[in-house]
Structures are given as C-alpha cells and as structure tokens.
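The values are calculated or read from the model by the stated rules, or taken from the named source; none is laboratory data. Please read all numbers here as calculations on a predicted model, not as lab measurements. Using ideal geometry, Cβ is built from the backbone for each residue, glycine included, and neighbour counts are taken over all protein chains shown. Please note that ligands, DNA and RNA were not included when accessible areas were found on the heavy atoms of the full protein model with its side chains. Shrake-Rupley method; radii C 1.70, N 1.55, O 1.52, S 1.80 Å.
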Amino acid sequence: MEAKKADRADKSIIRTISVFSVMILLAWASFFFYGRVIRENYDGAVGQFLNSLTKSGDQSLSSLTLKKRVLVLKSESTQRLFNSREEDEPYTVMWRNYLKQSSVSYEVVSEVDFLNKDISVYDTLVLPFAICLSSREIEKIRDFAGKERKGIILEGYTGCRDENGIWRDASFLSEVIGGYSFSDVANEESDSSVAYMIMDGTSMLSYDVPAGFRLGINTYNKPISSNIIEPRTNIDSYWEEKPYVYGNRKFSEISGMAHGNYLKARFVWISFTMGSIIGNPADQKVWAKVMENIMNYVSFRPLFFKDHWPSGKRAAVVFAEDTEDQFANAENAVNVLTEKGIPATFFCVPELASENKEVFRKIYSNKSFEIGLHGLDVYQGQPFDTQLERLSNGRAMLERLSGRKVRGFRPPEAIYDQNTLQALLDLNYDFIAGDDTKQASPEALLIQRKKGFSLGKNLKSLVKFPKTGDDDYDILVRYKMRNKAQMLESLKSDFDAIYKVGGLYYYSFHTQLMANEEYIGVISKFIDYIKTKNVWITNFGELNDWYEKWAFTDITSSQVSEKRTYLKVTNNSLEKIDAIKVNMILPPSVKLGSLSTERLGVNLPEYVSKDGTVVFDLRSIRSDESATFNVDCE
C-alpha cells in the first residue's frame, strides 16, 4: 500500500514538473515572439528593456532570427603584409566593437569563407583597411555591388595590392569611388602626427555635425587623399592645407571622405582607419555622428538632421565693425550697410561712443544694427573682479547711451582668459566674438558660473563666434595690400572657402582701416558679391538665438524593424524650445507611411513631404526633455 502511494506521488511530481516545464517553454517562446513584435513595433521603454535582456555574445538574440545585416571581411593578406601576428588584427576589431556597441547584426569572415559563402544575404559589406585583395575577391565585391540596395564601406588603399602583397594599382579603388590621383597625406618631411580634415557641412554624411569642423586624424596608419572627379560621388571632407592659419582658412580640393553610387550599391570611402580619430572628446563626438550617418546611408535607412541655417540657406554671414579709433568713420559703414539692406553688429568702445554721440545715434537708430561692447584694454591676465567690473560698466554705459540691450563682447585682439568667460557668464552676456574654434561655425558652451548663484541655476550657455577669414588688419597691416582689386579677390577667396562647406563667414573690419573713405568701396563690392550667393546675412544676436537652439538639440534614430525607425529629439538647453524643424531624407522609392508616439498627451508634429524629404515641425520641447516618435515608411 505504502509503495503504491509513493508511486502515485512520484508520478504526480513528474506530471507537475512536466506541466511546469511546458509552461516555462511556452512562456519563453511567447517572450521571444511577443518580444520581437514589441521591439519591432514598440521601441519605447518596453522595447529597449527587452533588447537589453536579449543581449548575448556579439549579437542580440532577436537578431539571430533575422539575416545578418553587415559582413566584415578580415583580410589575412593585409595582416601578413604588415607582419601582424595578432589573432584579430586591429582594423577588424575596431569594426566588430563598433557594430556590437551599436547593436547591429554582423558577422566577421576570413578570406576563405568570404570566397565560399553567399554574401548576397547581407545588406552591407565592410572592408576594413583591406589593402590586399585577390582578383576573385574583387570580382565577388563587384557582384555584390551589382545587386539592389547593397552598401559597401571601404578604408584607405582598398584592393591596391594583390593577395601576396604585390602592388597592383589603384584601378579598383578608382572604379568604386570615382576618384584618382591617390597620395599619402603625411609625408616623410612632415613633423606632425595629426592631419586635419574639414568636414563639409552640406554633405549627407555631415548631417548634424558643425559645419567646417576640423576633424583630427592620427597619421600613423597613413591616411590618403583622392581627387574626386565623377559626378556620381559626393565629397564629405577636404584635407586641410598646411600651414594652418585660422584667420586665413584654406583647404585643398582633395578628399578625405566620399560617398556615392557604385553599380547598384551605395558606397562610403574613408581614407583612414576607423581608429585614427584623435582622442579629443569633441572629435570623438563628431565622429560618432558621422558613423551614425554612414551606417544609415549604406543601409538605405532614413537620415535625420537639423538645417544648419534657416530657410534652406547654405551658409551664414555676419559683418561686424570694431568701432574704436577714428570712430567717426563708422558713418561710412552705416551708409553702405543701410543702402544695401545688410544687418550688422557694431562693437563699440563706450568712451568713444560717448564722445561721438551723433555718429553713435546713427548706428543704434537702425534696428537691424546690433550694439556690442568692444574692450579698450587687454583683458587677459586681469583679476576676475576687475574684468567683471569693466564688462559691467562698459555695457551699462552703451545701454544708457543707446537704449538698446548689449548682449555680446569683442575682446581687444581677441585675447581673453577663463576669467573673461566667467565674468561674461555672471553678467548674462550671450556671446563672445572673434575667437578661434575648431569649426567654421559657432560653438555653444555650457559653463558653470563663478559665484552668486544657487545650485541648479549656476549653468549658462555662452556662444563663441569664430574668426573664419582674414579681417582688414590682416589685409592692410600684415599683408600690406594696397591694390583694391587684390583686396576684393582675397575677401572673395576666404568667403568661397567657408561657403563651400556651408559654414559661418564672419568679416571683421575697423573704423580706422577699411571703414575709411578710401577703402569702404571694397566692402561695398564685397557685399554685392556675397548677395549673389544663397546665404543668411544676419547679426550676432540673431545668430546666437538660432545657434543655441541648433547646438543643444540632439537627434538620434535607430531602426526597429524593416519599416520602422525610432526618432528621438532631445532639448539639452536650459530653456524650452518653442519650435524646431527636423528633416528626414528617405531612401529611393520609399515614402513616409505614418507617424506615431508612445507618450500619452503628446501631439504629433505637422510635416511636409516633398521629393524624398520630410520636414517635421516640432513644437514645445521643455528643457532636458525628449520628444519620441515611431516613423513608419513604406
């Protein structure tokens, strides 16, 4: 009897365990089934949580049920060329780490596996520093590019040597990128370990990157350049000519990055290795955005960005006068600028404005002219309290004389120190002009105030406006130019360089130099030239308001499924953003299907769609908050 009871108990336990096991399996299957549905159709907190739970190895488990999107070729031939004994050469490792961190499904293959497998199941082919390629490998790459909606990413001298390391030529690389005349950027005579690329702000791969940013590239992996000539290819950056002089911004016509079409595929060519970017945080941040754009482009995904300048303008222009010695000459500038309808900023020395009240009145009575403070003596090295007092008293004097608000400061000779910035912040100045930066566009900073503010209210943004071309001091004093035609051509050359990369051109001139009667005509002709271009001509105050909003609004996107993209727009500024436009570039033959949001009570933005571009008009994003949307394409 007892034995039968025990037997029945054992069977009961077995049935219970079996049922429980089945329930676990069903729950696990449901988790993945519905989890995938949620991840593909609900990429908010729940979807992201599920993704975090399903991480395993190099790929998320959810991606294992889908085809691998990216194939990375590990070139053992190139590895042998450099006598590398590492099991995983660094160029492949860099890509593997990037794709893994970006949650992109990928596979790394050897040359043998590359030749033996069907690579058409992948969306994108990455060739990290694959200098050595066999004829069979090149033919297989061509076959891959001949299929619809494929992407290829190349680095450096791709395929210029055969599998034995013997120099072939650059014909295959030229075939892919439409460029010729390849050469090393750094030569044996160069004593610099870093070369700089000027990022073209109008390029698709530079979306949401400061226009004209100087991206630093370590030269130990020998970056190269190319002369891009075929119209199917777009240049994304230009190598900077040496020596570099910020006030005389010149860069070469040769490219450091390019993208375009090769057969039926899209390609991106990077003339250096992914790990060559210098460690500066600003450079790393810019490169991260460029990489996001690269992956979206070659994967035929939508690209999102903010316009650098309003109303579709290619570049921005500010005319600013240092109104100081020979103050009366400001009237010449007032007359020319008023006649041509040009807004401007006048940085005035308060004591001289007081002595020349009638001329000063002609400046501040024009509402398109902005009044700024120009320092009389050097600020650098002065105690904080001294600088604070001078900035406070100078602004108060100009505001009392003009009845206009003074928002910006121009230090004498553009020389200042950290005490200057702290004093400007504590006095609620908005910008400082004439400073050298790493980019041909403004730079917005969040800096802690020095004293007098409670916790949580001690941060303020300050915008730095760069000197992006020669001013009249350079032309008349440093270069000793006297030929007016030569002056005009020099100004045009500087402007054209900035216009090319879609940046900010800031022309600084002085009352005692080109504002006098002899040379004011050169400025007049220069204005006529600039007005023939697609530019936004403004003053620093208006530019400050635009750029603060641009700089502190971050746009990120991630692909949830084949048709859905998750869009996140974050306001990192200290103030509410009332309105901002976000552009979406769609791949060929794709159109916007619908727009939705997971957040209750959030109004969907209005949008306009035309010729493959959708413009979303976002409204009312509070400080430190995000607007999130699901963008479904069809």
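So the values come out like this:
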read-out	value
One residue from Val560, Val590 being among the hydrophobic types (A, V, I, L, M, F, W, C) and surrounded by fewer than 16 Cβ atoms within 10 Å (Cβ to Cβ)	Val590
Residues of the stretch 345-373 classified as closer than 16 Å to Lys405 by Cβ and either modelled with pLDDT under 95 or touching an Asp or Glu at 6+ places or on another chain (Cβ under 7 Å) (or both), total	3
Complete set of residues in the stretch 198-240 that are under 17 Å from Asp283 (Cα atoms) and either in a strand (DSSP E or B) or basic (Lys, Arg) (or both)	Ile198, Met199, Arg214, Leu215, Gly216, Ile217, Asn218, Asp236, Ser237, Tyr238, Trp239, Glu240
Breaking point among (1) over 30 Å from Pro210 (Cα atoms); (2) open to solvent by 30 Å² or more (accessible area, probe 1.4 Å); (3) touching a Gly at 6+ places or on another chain (Cβ under 8 Å); (4) not hydrophobic (A, V, I, L, M, F, W, C), for Pro350	(2)
Hey, Arg232 open to solvent by 20 Å² or more (accessible area, probe 1.4 Å), at pLDDT 95 or above and in contact with a strand residue (DSSP E or B) (Cβ under 6 Å, 6 or more places away or on another chain) or not	yes
Search result, residues across the stretch 390-426 that are part of a loop (DSSP other than H, G, I, E, B) and open to solvent by 30 Å² or more (accessible area, probe 1.4 Å)	Gly403, Arg404, Lys405, Arg407, Ile415, Tyr416, Asp417
All positions within the stretch 142-168 that are more than 21 Å from Asp118 (Cβ to Cβ), in contact (Cβ under 8 Å) with a residue 40 or more places away in the chain and basic (Lys, Arg)	Arg161
Residue identified as open to solvent by less than 60 Å² (accessible area, probe 1.4 Å), more than 17 Å from Trp239 (Cβ to Cβ) and of a type in the set (Asp, Glu) among Asp169, Asp200, Asp143, Asp123	Asp123
Whichever residue in the stretch 483-542 is among the aromatic types (Phe, Trp, Tyr) and open to solvent by 40 Å² or more (accessible area, probe 1.4 Å) and, among such residues, is nearest to the chain's Cα centre (by Cα)	Tyr499
Residue match in the stretch 184-195 (condition: at negative phi, surrounded by 19 or more Cβ atoms within 10 Å (Cβ to Cβ) and free of Cβ contacts under 8 Å to residues at least 40 places away in the same chain)	yes
Meets criteria (touching a residue at least 40 places away in the same chain (Cβ under 8 Å), open to solvent by 10 Å² or more (accessible area, probe 1.4 Å), farther than 30 Å from Ser134 by Cα and of a type in the set (Asp, Glu)) for Asp208	yes
Elements of type strands (runs of 3 or more DSSP E) contained in the stretch 496-583, each with 2 or more residues being modelled with pLDDT of 95 or more and either more than 19 Å from Leu462 (Cβ to Cβ) or of a type in the set (Lys, Arg) (or both)	504-510, 535-538
Residue among Asp632, Asp617 that alone is touching a residue at least 60 places away in the same chain (Cβ under 8 Å), in a strand (DSSP E or B) and open to solvent by 20 Å² or more (accessible area, probe 1.4 Å)	Asp632
Every residue from the stretch 295-312 that is in a helix (DSSP H, G or I) and more than 20 Å from Thr565 (Cβ to Cβ)	Pro310, Ser311, Gly312
Some residue of the stretch 370-384 being buried (at least 21 other Cβ atoms within 10 Å of the Cβ), charged (D, E, K, R) and in contact with a Ser or Thr (Cβ under 6 Å, 6 or more places away or on another chain)	yes
Evaluation of Ile432 against (1) of a type outside the set (Lys, Arg); (2) modelled with pLDDT of 95 or more; (3) under 23 Å from the mean Cα position of the chain (by Cα); (4) in a loop (DSSP other than H, G, I, E, B) (one fails), failing number	(4)
Residues satisfying the stated conditions in the stretch 266-310, i.e. of a type in the set (Gly, Ala, Ser) and open to solvent by 20 Å² or more (accessible area, probe 1.4 Å)	Gly275, Gly279, Ala282, Ala288, Ser299
Asp118 being under 24 Å from Arg232 (Cβ atoms), among the charged types (D, E, K, R) and either surrounded by fewer than 23 Cβ atoms within 10 Å (Cβ to Cβ) or more than 27 Å from the chain's Cα centre (by Cα) (or both)	no
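Residue-wise test of (1) in contact (Cβ under 8 Å) with a residue 60 or more places away in the chain; (2) of a type in the set (Gly, Ala, Ser).
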{"residue": "Ser354", "(1), (2)": "no, yes"}
{"residue": "Ser365", "(1), (2)": "no, yes"}
{"residue": "Asp377", "(1), (2)": "no, no"}
{"residue": "Asp385", "(1), (2)": "no, no"}
{"residue": "Glu389", "(1), (2)": "no, no"}
{"residue": "Leu401", "(1), (2)": "no, no"}
{"residue": "Arg404", "(1), (2)": "no, no"}
{"residue": "Gly434", "(1), (2)": "yes, yes"}
{"residue": "Ala440", "(1), (2)": "yes, yes"}
